1. Do you know which residues across region A:501-514 are crowded, with 19+ Cβ neighbours inside 10 Å and over 34 Å from the mean Cα position of the chain (by Cα)?
2. Can you give me the number of residues within region B:205-225 that are of a type in the set (A, V, I, L, M, F, W, C), within 23 Å of A:L202 (Cα to Cα) and either in contact with a Gly (Cβ under 8 Å, 6 or more places away or on another chain) or surrounded by fewer than 23 Cβ atoms within 10 Å (Cβ to Cβ) (or both)?
3. Examine region A:408-420 for a residue that is modelled with pLDDT of 90 or more, surrounded by fewer than 17 Cβ atoms within 10 Å (Cβ to Cβ) and not assigned by the TED database to the domain that holds A:T675, and state whether such a residue exists.
4. Collect the residues in region A:651-665 that are out of contact with any Leu (no Cβ under 8 Å at 6 or more places or on another chain) and over 16 Å from A:G691 (Cα atoms), keeping them in residue-number order.
5. Of the residues B:S49, B:S140, B:S115, B:S58, only one is among the hydroxyl-bearing types (S, T, Y) and closer than 30 Å to A:V467 by Cα; which?
6. Give just the number: which of (1) under 20 Å from A:I543 (Cβ atoms); (2) among the hydrophobic types (A, V, I, L, M, F, W, C); (3) in a helix (DSSP H, G or I) does A:I631 not satisfy?
7. Would you be able to say whether some residue in region B:105-123 is without any contact (Cβ under 8 Å) to a residue 24 or more places away in the chain and in contact with a Ser or Thr (Cβ under 9 Å, 6 or more places away or on another chain)?
8. Filter region A:304-336 down to the residues that are more than 10 Å from chain B (Cβ to nearest Cβ), in a helix (DSSP H, G or I) and among the small types (G, A, S) and list them by number.
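The values are calculated or read from the model by the stated rules, or taken from the named source; none is laboratory data. What you see is a predicted model, and the numbers here were worked out from it, not measured in a lab. Note: ideal-geometry Cβ built from the backbone for every residue, glycine included; neighbour counts use all protein chains shown.
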Amino acid sequence: MLCACSGEQFKFEDAPQSPESLATRDFSASGLSSRTGDWESKLDDVQVDEAESTVKEALSLNYEEARALLGRLEYQRGNFDAALQVFQGIDIKGLKPSMTRAIVERTRQRKLRSKGDIIPPSVMSLHSVSLLLEAILLKAKSLDELGHFRDAAKECNIILDVVEAAFPNGMHEGIAEDCKLQEMFHKALELLPRLWKKAGFLGEAITVYRRVLVKPWNLDPLRVASLQKDLAANLLYGGVETSLPPHLQVWGSATPNGNMEEAILLLLVLMQKVAYGEIKWDSDIMDHLTFALTVTGQFELLGSYVEQALPGIYERANRWYLLALCYAAAGQNEVALNLLKKVSGQSEAKHKPHIPALLFGAKLSSQDPKHAHYGITFACNVIDSAADDQVNEHFKSQAHKFLGVCYGNAARISISDAERSVFQKESLASLNSAALNMKEDPELIFNLSLENAVQRNLDVAFENAMVYSNMVTEDSGRGWRLLALILSADRRFKDAETILEVALDEAGSLDQLELLRLRAVLQIAEERPKQAIETYRILLSLIKTQRESRSNNFESAKSSDSEGVTERVLELAAWQDLATIYTKFGSWLDAEICVNKAKSIELYSPKSWHTSGLLFEAQSLHKEALVSFSIALSIEPDYVPSIVSTAAVLLHLGSQSSLPIARSFLMNALRLDPTNHEAWMNLGLIAKLEGSLQQAADFFQAAYELKMSAPVEAFK
Amino acid sequence: MSSSNPGSPSATATSSSSASSFSSKAHSCIQALSSILSTVPSSVSSSSSLLHDPTVSSQISTLLRDPDSGSGDNNLCRWLYDTFHSPDPELKLVVLRFVPIVAGIYLSRIALRKSLAGFEAILLALYAHETTARDGQPISVNVPDLTQPSIYHEAKSSVKTQATELNLAVISPTLEPHGTMRSSRRARIVGVALELYYSKISQMPVSSKLEFCEFCDIWATGIQNKPSSSSSSKQKTILLPWELLQPSLRILGHCLLGAHKSKKLYEAASIATKSLYERSLHDIDAKAILATSSLLRLEKMALDPKLNVDHTEIDMSLAL
């Protein structure tokens, strides 16, 4: 078995053709074991040279092999220094070409045995190569143990060089089942990147991982997966951007561009292996993927992988929660909310309540009035669990906050006056109870201000709005907006405008549009139509430029659909407001142009038809006005301004018989919006026409007081 | 990879030609600094030694933490600003090394409503640099499509994938030029400074990353531990919008799971990640919950010895 390497010593004249010869193998192994007792004791004292000659004599080895074996023994005993000294006696560099040649010759011979190639006797046996590769590996490991990581890595790299040179296209199948060569090579593949990392050369480690992973090396699929995972992690967290070498960039668009892309590719490949059952579910892979897809904003894709997980991997409620997080992060609140409803559903009744999921449900519900009632259920569930001590104070207060917001929203969509006043009371009670524990939560303070403003407790609202704007140091268009509206309700238009000045200076582009519109509305309220028109002009041109800059940029166009929606809403509102201004000043033609503009943006906007109705009414075209108002109401039956205006036109037409109809319209309007001062005003007119002067006076009084505390537009 | 990258073994041989052409810049820069700091060791003579000298960086850190630092006429802010505009890339690294502390203190002090023009000038300079460098363009990656073969896999014909068209994921959106700080832009401007920091993170000394973890924790909890007074003071909540959180999480991921060897840094990163996780639950912030909880689980796995078997161990029982 032991053939010539450096030609220093020949015990066998003819090298055996088969390196697996059992006879020679047994001989050497038993020879070693029978003698170990003898020289194990010697080794501590005698010099390496002496021991070497003992081994050589005992095993009939050549110089390198003797050293390899001796080094191995030293390594085994933990004498890394001694092992290193022994290994250094082997001229590894010089042996590289012959090792590669031996692998090439001997593995080719195996494949083409029938052709009867004759291997020259000077070619090493595979066994010798294995022995030498093991020596190199142990040398690397000894250097590693001694803290010489870089040298260890360089040493270990030799193994890869030797084998890779013999198999430039990788190993599709094993070399030989009982050959240690492959085993040593595989160990080197795994050791090398670790050594480079220990040496602090992450870039080199990444290069090695790639070198290993782009070719087949007959590695166990689990080990390949593990290496892919390691590479992905090093790409994700290493902080060293290492581009692929040119010879690997041959896959066109499939070539990963940059660390992040390569890491995601590897993780997706691994997830596919999981899906095909090639490897088991590995939460590490999922967590790396979660991190990678989170920082790249691919939440929907992440959700699809959570969905792919087999049952049993996640607890049912937890999976719904995770999915809800993904979809909410992707901006799909409705989907998220539907998932969270399952968590609070019947199927989970026997499980411990999933507090984070319930709270998340309450939060999402609080963002849309139409989910107010779900939000109330979610929040109450959390508060009920708090009674069993499962919830900490903070989460309890959070639940009270969302409960307050949802009650407020429920009040706003309520069609019953009695119900509304109950909800409003509950809303303030919940918000105040939240405030006991979280006075520093800006969100809570904002909602306290908003709810008080809606309920026309303007002083409390103002106080909280001020606290909020002091608290929030970051961008807060809505805080400034609310403050301005509260001031406008207090008829402090100048102050409101000053607030808007400040806000406009600080605001981001989208908030800026909203604030500009509010400024224009304020200017109308102050009866400065010319300035208002100018403000609208600025607003419309800003919208135009923003839209243009977005259409020039594909990516931001994709990322800002919601911006586009907000812009459209504001554009529509601007034309409607302009139409109202021109109507008020009798410029019918201008008003009509503006109404048509508004209708061309959104035909089914009740406000556009309402505005058009007002224009007809101003021209005393009462019938046409009625038609417009009724179209507005057919689009949105509860559109209060058109209900009130219909009543006003009926009133104006003046026939006694229409008075009850007008009153019925007005009562309906007040059921929907009890603070509508115009409705109260018209009710007063009806009472006056009917001769109920005391009642009329009460109605006028109510109208006056409400008008004096009305914001220039609805609080939100 | 450039030769100055420490990820490659050749990095130790410094590129001497460029170093000499910038050495005069570095020299004048160090001279300017010596008029600000009490002592600059004589060993500090190059940009690289400036980046790595512990006495210099601890003095600068202390000055930056001074309650009156960061104003428009602050010498040190001026020095950092000027140094960043030096053409020597290594001197730029010296400024980047202090990004965690500048951003950290800046954000913690906004609520005090005093002049922070010095800090703002530095952050705006970093932002402007990045805006110019990438011409305002967004940074995005292609989400790989597994139906196409790649260097790491062969396509399987029966695979059902989510999307077959090119799926772009934006890591950093378009940058608009900003000459002034506004509250609405603040998070983005600071976030871009952190992105820039992250892009050079492998060249940053551990002390700088430790400072980042420290401030990350303060942002998350609002609690600042003052080593001098041993008491901790609660500050106003610092909003953590995604544009600030996203680059922070990438830096934190590196500190927590990267292949560095500083135990102290792992510990600091672990504390900061836990605080950010608590904060994300507190705020019920879906994106932040997903990211921080995955980091925490990965950290736990990395520490579990059972899961870290050495597959390169030689089986010594094998016969030869």
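1. If the condition is that a residue be crowded, with 19+ Cβ neighbours inside 10 Å and over 34 Å from the mean Cα position of the chain (by Cα), then no residue fits.
2. Here the count works out to 3.
3. yes
4. A:H652, A:L653, A:S664
5. B:S115
6. Only one criterion is unmet by A:I631, namely (1).
7. Within region B:105-123, one or more residues are without any contact (Cβ under 8 Å) to a residue 24 or more places away in the chain and in contact with a Ser or Thr (Cβ under 9 Å, 6 or more places away or on another chain).
8. Listed by number, the list holds a single entry, A:A317.
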